[in-house]
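Just below is one structure, and these are the notes that go with it.
Every number in this text was worked out from the coordinates using simple rules, so none of it is lab data. A quick note: this is a predicted structure, and the numbers were derived from the prediction, not measured. FYI the Cβ positions are ideal-geometry reconstructions off the backbone, even for glycines, and counts take in every protein chain you see.
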Amino acid sequence: MSKTFAELGLPEPILQALAACGYTTPTPIQEQAIPELLAGRDLIGAAQTGTGKTAAFALPTLAHLVTAEGTLPRCLVLTPTRELAMQVEENFKKYGTHAGLRICLLYGGVGYGAQTEQLRKGVDVVVATPGRLLDLWEKGFLKLDQVRHLILDEVDRMLDMGFIEDVSRIINICPKKRQTLLFSATADESIARIAKWALTDPVRVDVRTGRTAADTVDHCLYPVDSYQKYDLLMALLQKLDFKSVIVFTRTKRDADRITEWVQSGGHAVATMHADRSQSERFEALQGFKSGKYPVLVATDVAARGLDVRGVTHVINYNVPEHAEDYVHRIGRTGRANTEGEAVTLYSPDELHSLKAIEQLLGKTIERRKLDTFKYRFEPDMGATKSAAPAARRRNR
């Protein structure tokens, strides 16, 4: 039988905040991680999106900060993107409502004024992206020599985005005597190398469900010639009974073009990618959460970590290049035991990527055909063939 949050040993100010949120029973990663973190252990957490990992590290960290004093700041949380940093900060504030702690959010793409003013007043917790944190540290606006809790969230994503040097530098700037938490959706060699020198005798908590798609997600492929992807996308948006849908694409250019098409089809749509300003990305995310925009077109900047609830559908305009991104993308729907549907538009030139995904999942993804759509060529409804011939052509 699962324990309650009170039985995990969290202090009263944190329990009051959880009660106000209506939270009583911890998720598996919270139940396993919180007692270890309250005991001061370093930790490597492997968890897919939607498992409650933010609370798994925020709750025990806040508990430490409430019951101890020290020079500020005492806690540093690093995240790969501005959106994830904003979400983490929001959760720290929500769970720390009765803790009397000051929390600061640092990210690039905006002016320094408000951020440096917060730092000048003193903060207990800094939530930051690597680039802006180093920028402000180099300018002398904050010190990291008193950090006692270092949390690296979505480490695999930070490495994918080329932050390895910045992250390594930040780890070395922080004092050696600290509690270090590393959270990742994967556990490859690069993660292990960081953990080996950055953590001390860490406990490992792995709640990944075999790196497969959630049981609550009905996911399938729609084979189609690449020239008809736009048309099939529009036809699917007319067919699917969605309340909110995220359309994922690989490139910023495709995201902008798809947004124009969806708008012309009469849908209210928002766009998120790296070339959008911070205010534009914030407005898009908030508008999608509130229902102002039922459709969100995004690159993978929105695929990982963001807490967007109630997403009924996900459409992959492209087959993801990295197999595990497929799981993360479709994991945006079917959360919190609700049912969701994920659709991937698949063209023959994406066979290599599709084979990698099906190998990861350990099964063939169902092929479907939209009967009311006029295909230029009959879609291939068979199982994935060997990708060897395609690979040979690519290597020549």
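Here are the numbers:
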{"item": "The range 150-181: trypsin sites (Lys or Arg not before Pro) falling in loop per DSSP and having at most 12 other Cβ within 10 Å", "result": "LYS176, LYS177"}
{"item": "Coarse-grained scattering of the range 6-206 at q = 0.11, 0.16 Å⁻¹, given as base-10 log I(q)/I(0) from a Debye sum over alpha-carbon atoms", "result": "-0.45, -1.01"}
{"item": "Rg and Dmax [Cα atoms of the chain; Å; Rg one decimal, Dmax integer]", "result": "22.0, 68"}
{"item": "Simple Cβ-charge dipole of the range 6-206, Lys/Arg +1 and Asp/Glu -1, about Cα centre, in debye nearest 20", "result": "600 debye"}
{"item": "Relative contact order for the chain, counting Cα pairs under 8 Å that sit 6 or more residues apart, in percent", "result": "17 percent"}
{"item": "Rounded to 10°, Cα long-axis angle of helix 229-239 versus longest principal axis of the chain", "result": "80 degrees"}
{"item": "10 Å beta-carbon shell around TRP137, net charge (K/R +1, D/E -1)", "result": "+2"}
{"item": "Degrees between helix 252-264 axis and first principal axis of the chain (Cα, 0 to 90, nearest 10)", "result": "60 degrees"}
{"item": "Charged-residue dipole, Cβ positions (Lys, Arg, Asp, Glu), the range 217-381 about Cα centre, Debye nearest 20", "result": "340 debye"}
{"item": "Restraint check, LYS243/LYS374; LYS93/LYS176; LYS239/LYS374; LYS239/LYS355; LYS252/LYS289; LYS94/LYS121, Cα-Cα greater than 24 Å", "result": "LYS243/LYS374; LYS93/LYS176; LYS239/LYS355"}
{"item": "Under 9 Å, Cβ to Cβ, from ARG281 - net charge with Lys/Arg +1 and Asp/Glu -1", "result": "-1"}
{"item": "Residue among LEU105, ILE330, VAL205 farthest towards the positive dipole end of the chain, charges placed on Cβ", "result": "LEU105"}
{"item": "Helix axis angle, 351-361 relative to the chain longest principal axis, alpha carbon, degrees", "result": "50 degrees"}
{"item": "Summed side-chain charge close to ALA33 - residues other than ALA33 whose Cβ falls under 11 Å, Lys, Arg +1, Asp, Glu -1", "result": "0"}
{"item": "Charged-residue dipole, Cβ positions (Lys, Arg, Asp, Glu), the chain about Cα centre, Debye nearest 20", "result": "400 debye"}
{"item": "Fewest-first sequence of CYS75, CYS174, CYS21 by Cβ atoms within 10 Å of each Cβ", "result": "CYS21, CYS174, CYS75"}
{"item": "At most 14 other Cβ within 10 Å, DSSP loop - trypsin sites (Lys or Arg not before Pro), the range 223-320", "result": "LYS243, LYS292, ARG309"}
{"item": "With at most 16 neighbouring Cβ atoms within 10 Å, loop GluC sites (Glu not before Pro) (DSSP) excluded, longest segment of the chain", "result": "70-320"}
{"item": "Note, ³J(HN,Hα) from phi for the range 368-381, Karplus 6.51, -1.76, 1.60, rounded to Hz, x at Gly and Pro", "result": "10, 10, 8, 4, 7, 9, 8, 6, 5, 10, 4, x, 7, 9"}
{"item": "Lys/Arg +1, Asp/Glu -1 at C-beta; the range 6-206 dipole; positive extreme among THR186, GLY40, ILE170", "result": "ILE170"}
{"item": "Positive-end residue, the chain charge dipole about Cα centroid, Cβ charges, pick of TYR23, MET158, THR271", "result": "MET158"}
{"item": "Dimensions in Å of the range 217-381 - Rg and Dmax from alpha carbons", "result": "14.9, 44"}
{"item": "The range 7-44-the range 152-172 distance, computed between alpha-carbon centres (Å)", "result": "26 Å"}
